[in-house]
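Encoded as structure tokens, the structure appears first; notes follow it.
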Amino acid sequence: MVKTYRSPRGFRDLTPEIMILRKKIFSEIEEVFRRYGFDPIETPAMEYWETLSGKYGEEAENRLIWRFKDPWSNKEYALRYDLTVPLVRFISTHPEIQLPFKRYQIGPVWRHDEPQKGRYREFYQCDADIIGSPYPEADAEMVNLLIDSLKSIGWNSGFTVRLNDRRLLFGIFESELKINPIVNVYRIIDKLDKIGLKKVEEELNREIKNEEMVKEILYLISLKGSPEELLELLLRKYKKNKYVKEASEYLKEVMDLVKENDKVVLDLSLVRGLDYYTGPIYEVVLEKPKIGSVSGGGRYDNLAKMFSGRNLPATGVSIGVERLIDAGIEIGLYNIKEKTYTQVQVVFMGYANFKYAWNITMKLREAGINTRIELNRTKEETQRRKANRMQIPVLIFVGKEEETQNIATVYSTTSNKRIRVKVDDVQKAVKDLLGIDQ
């Protein structure tokens, strides 16, 4: 019995139908990134463990990062956990780069997470970051970029950008409520969408053992709505707190530059798990299906100092395309009907006509037309059946008669139009059927 080999849990083989959809989505997002003035870079899939260590927090570094020791060099390495820390490492080794630096990167990252719907151990992120600007306009640029990127791939509605600020969290929970240590409380709040308000309340009571404080926390994390209105409420409630005032003024400037602020909601339950955020934080959630955050980001002004010893303000966003694709397929926004990039199949009636068919194939390819020809010397019926399964839009039939007369029979599978043309005219005929500009 032959053994069946499978990919590891959380890793996937992707069929041509899925890859065609993915590449289209990547291309649309990349076009938005370029339109906003971002340029691409590439960083390695692997980093030294010391590069990633101390940047993500205890849970990520003790459980989620794929790390290993090289048996030949005895050095410790890790697969990249995200695209942000490698970016900051990149900046620290390229001091010649002009600031502010606007970069994007689309590539795979790896997390030793428990696989489930919309969550994989290997997945792609589409990241854009601005390094070197401490001002609200940089954060507004990221929010606008995020909204336009989602719209470019079909999400014109049905999503909300949740917004908060680490300084609001510090000013309220640590400075005003005096919660110490705060890390565990943030971790509990961060699970709100996964476990619900009742479970969060139970865990907070176990952690804090102060009913009045838990009630105040539950009230605060229930505050969601217009950033302008909620910021005014918080300023009235904590008018003497410098952190609340600083964050509120900053966020007001950000929102003044966000072009579709009806899509943005201030949400005090948004804490985001990574330890390196310092200012505005945001993430995107879909109305349906309920699959958690599909994008997130924020300001991380202190991260660069860990690498270069100098302060370097930074803000960025990461779009989780895997969840967006899964969600889009589930609700019918995306389909996977496109099975091939091939536009034309050249079908030869018998192998005696193969060379003639081959020359037509090469002529079409030279004209930039994606053309396929059977390489297994199969019967005409088999060639046609394969082409139909792949939904190739144009078939070209050649047999003894076509070769004798130096012509080709061109057939559109969508319009049922069939024409016979001279070989010299076959490129034009195919482009007309495909709707390609001459």
Residues of the stretch 279-299 that turn out to be in contact with a helix residue (DSSP H, G or I) (Cβ under 7 Å, 6 or more places away or on another chain) and in a loop (DSSP other than H, G, I, E, B), as a count: 5
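Looking for something polar (S, T, N, Q) and in contact with a helix residue (DSSP H, G or I) (Cβ under 6 Å, 6 or more places away or on another chain) - is there at least one such residue anywhere in the stretch 33-52?
Checking the stretch 33-52: at least one residue is polar (S, T, N, Q) and in contact with a helix residue (DSSP H, G or I) (Cβ under 6 Å, 6 or more places away or on another chain).
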Those helices (runs of 4 or more DSSP H) lying entirely in the stretch 144-216 with at least 1 residues of a type in the set (S, T, N, Q): 183-189, 192-208
Selection count where residues are at negative phi, loosely packed, with under 12 Cβ neighbours inside 10 Å and not in a helix (DSSP H, G or I), scope the stretch 219-241: 2
Long-range neighbours under 6 Å by Cβ, at least six apart or interchain, first residue at positive phi within the stretch 364-380, second in a helix (DSSP H, G or I): 377/351
Only one of 239, 288, 305, 252 that is touching a residue at least 60 places away in the same chain (Cβ under 8 Å) and charged (D, E, K, R): 288
Where a residue in the stretch 198-213 is touching a residue at least 24 places away in the same chain (Cβ under 8 Å) and surrounded by 11 or more Cβ atoms within 10 Å (Cβ to Cβ) and its partner, wherever it lies, is outside any loop (DSSP other than H, G, I, E, B) and β-branched (Val, Ile, Thr), with Cβ under 9 Å and at least six apart: 208/185; 208/214; 208/217
Only one of 11, 38, 26, 101 that is in contact with a Cys (Cβ under 8 Å, 6 or more places away or on another chain) and surrounded by 12 or more Cβ atoms within 10 Å (Cβ to Cβ): 26
Where residue 144 falls short, out of the listed (1) under 25 Å from residue 25 (Cβ atoms); (2) without any contact (Cβ under 8 Å) to a residue 60 or more places away in the chain: (2)
Matching entry among 264, 271, 244, 254 (being closer than 30 Å to residue 144 by Cα, surrounded by 14 or more Cβ atoms within 10 Å (Cβ to Cβ), modelled with pLDDT under 90 and not basic (Lys, Arg)): 271
Those helices (runs of 4 or more DSSP H) lying entirely in the stretch 362-438 with at least 1 residues within 21 Å of residue 337 (Cα to Cα): 380-389, 426-434
Residues within the stretch 287-297 that are of a type outside the set (Gly, Ala, Ser) and either surrounded by 22 or more Cβ atoms within 10 Å (Cβ to Cβ) or not assigned by TED's automatic domain parsing to the domain that holds residue 140 (or both), tallied: 1
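Restricting attention to the stretch 298-314, does a residue exist that is assigned by TED's automatic domain parsing to the domain that holds residue 54 and at positive phi?
Yes, the stretch 298-314 has at least one match.
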Test: residue in the stretch 319-329 that is outside the structural domain of residue 379 (by TED's automatic domain parsing) and closer than 30 Å to residue 398 by Cβ: no
Hits in the stretch 105-141 (condition: in contact with a helix residue (DSSP H, G or I) (Cβ under 9 Å, 6 or more places away or on another chain) and of a type in the set (D, E, K, R)): 111, 113, 117, 119, 127, 129, 137, 139, 141
Only listed residue being crowded, with 16+ Cβ neighbours inside 10 Å and at pLDDT below 95, chosen from 195, 179: 179
Subset of the stretch 49-74 (residues that are closer than 17 Å to residue 112 by Cα and surrounded by 14 or more Cβ atoms within 10 Å (Cβ to Cβ)): 49, 52, 53, 55, 56, 57, 60, 61, 64, 65, 66, 67
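If a residue must be aromatic (Phe, Trp, Tyr), in a helix (DSSP H, G or I) and over 27 Å from residue 142 (Cβ atoms), how many such residues does the stretch 52-101 contain?
Step one: list which residues in the stretch 52-101 are aromatic (Phe, Trp, Tyr), which gives 56, 66, 68, 72, 77, 81, 90, 101.
Cutting the leftovers down to in a helix (DSSP H, G or I) gives us 90.
The next check asks that each one be over 27 Å from residue 142 (Cβ atoms); those that pass are none.
Going through the stretch 52-101 one residue at a time, the tally reaches 0.
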Number of the exception - residue 364 against (1) in the same structural domain as residue 272 (by TED's automatic domain parsing); (2) more than 20 Å from residue 18 (Cβ to Cβ); (3) surrounded by 19 or more Cβ atoms within 10 Å (Cβ to Cβ): (1)
Top-ranked residue of the stretch 109-125 - restricted to ones that are buried (at least 19 other Cβ atoms within 10 Å of the Cβ) and touching a Gly at 6+ places or on another chain (Cβ under 6 Å), ranked as modelled with the lowest pLDDT: 120
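The values are calculated or read from the model by the stated rules, or taken from the named source; none is laboratory data. Model, not experiment: these values are computed from the prediction. Quick reminder, even Gly has a Cβ in these numbers, built from the backbone with ideal geometry, and neighbours come from all protein chains shown.
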